[in-house]
1. Would you point out which residue out of 104, 161 is surrounded by fewer than 15 Cβ atoms within 10 Å (Cβ to Cβ) and touching a strand residue (DSSP E or B) at 6+ places or on another chain (Cβ under 9 Å)?
2. Within the stretch 49-64, is even one residue over 22 Å from residue 142 (Cβ atoms), modelled with pLDDT of 95 or more and in the same structural domain as residue 144 (by TED's automatic domain parsing)?
3. Can you pull out the residues in the stretch 132-162 that are within 11 Å of the ligand (Cβ to nearest atom), under 18 Å from residue 122 (Cβ atoms) and touching a residue at least 60 places away in the same chain (Cβ under 8 Å)?
4. Which one of 114, 98 is outside any helix (DSSP H, G or I), in the same structural domain as residue 64 (by TED's automatic domain parsing), in contact with a helix residue (DSSP H, G or I) (Cβ under 9 Å, 6 or more places away or on another chain) and farther than 17 Å from residue 50 by Cα?
5. Residue pairs, Cβ under 6 Å, 6 or more apart or interchain, first in the stretch 96-123 and on the phi > 0 side of the Ramachandran plot, second part of a loop (DSSP other than H, G, I, E, B) and surrounded by 16 or more Cβ atoms within 10 Å (Cβ to Cβ). List them.
6. Give the residues of the stretch 41-53 that are within 8 Å of the ligand (Cβ to nearest atom) and buried (at least 17 other Cβ atoms within 10 Å of the Cβ), sorted by residue number.
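The values are calculated or read from the model by the stated rules, or taken from the named source; none is laboratory data. Here the structure is a predicted model, which is why all the values come from computation and not from measurement. Here Cβ is always computed from backbone atoms with ideal geometry, including for glycine, and neighbour counts include all displayed protein chains.
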Ligand code: HEC
């Protein structure tokens, strides 16, 4: 990829990604690590951490970091895809009223159909991203990347406590 191509990537993706990742990390910093999570909360927290770390590496690669191998972007997108696919199952058990720290709002289980459909959309958007990346169409890549990252804040706003 040439320098001018990288610049196009960068402009297309930096804003949306920075916003999305800041939302994620800010929340982590704010939460009290002394509060114990129960097993469900720990599991879904770690699934979300996998989402966060793959997303963060996709952002670095999109900004021009080469990752040390030609297929680093595809592999990181695959990691994000797998983490996203784990998210519906991770939230399936209704833990309202259970002991232990969580940022998961009761609204998740009050409207499970909506929450579940958001996890499906998240996965579908990453499938679109995979196709765009494989095609080498950079405009499509930038657009689908913004699409993928739009899911983070829109879901957190409704279903994740600060
Ligand atoms: C379908 C809804 C949904 C989507 C989409 C989603 N998240 Fe989350 N996320 C949550 C919920 C709910 C929690 C709180 C989980 C808990 O504390 O049990 C969370 C937690 C997190 C956490 C903190 C871990 C924790 O539990 O404290 C990070 C970081 C995070 N998400 C990053 C992201 C990023 C980055 C994206 C987008 C690439 C994303 N999330 C997409 C629902 C979602």
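1. Of the residues listed, the single one that is surrounded by fewer than 15 Cβ atoms within 10 Å (Cβ to Cβ) and touching a strand residue (DSSP E or B) at 6+ places or on another chain (Cβ under 9 Å) is 161.
2. yes
3. Correct list: 145, 148, 149, 150, 152, 153, 156, 160.
4. 98
5. From the stretch 96-123, the pairs are 100/37.
6. 41, 44, 45, 48, 51, 52
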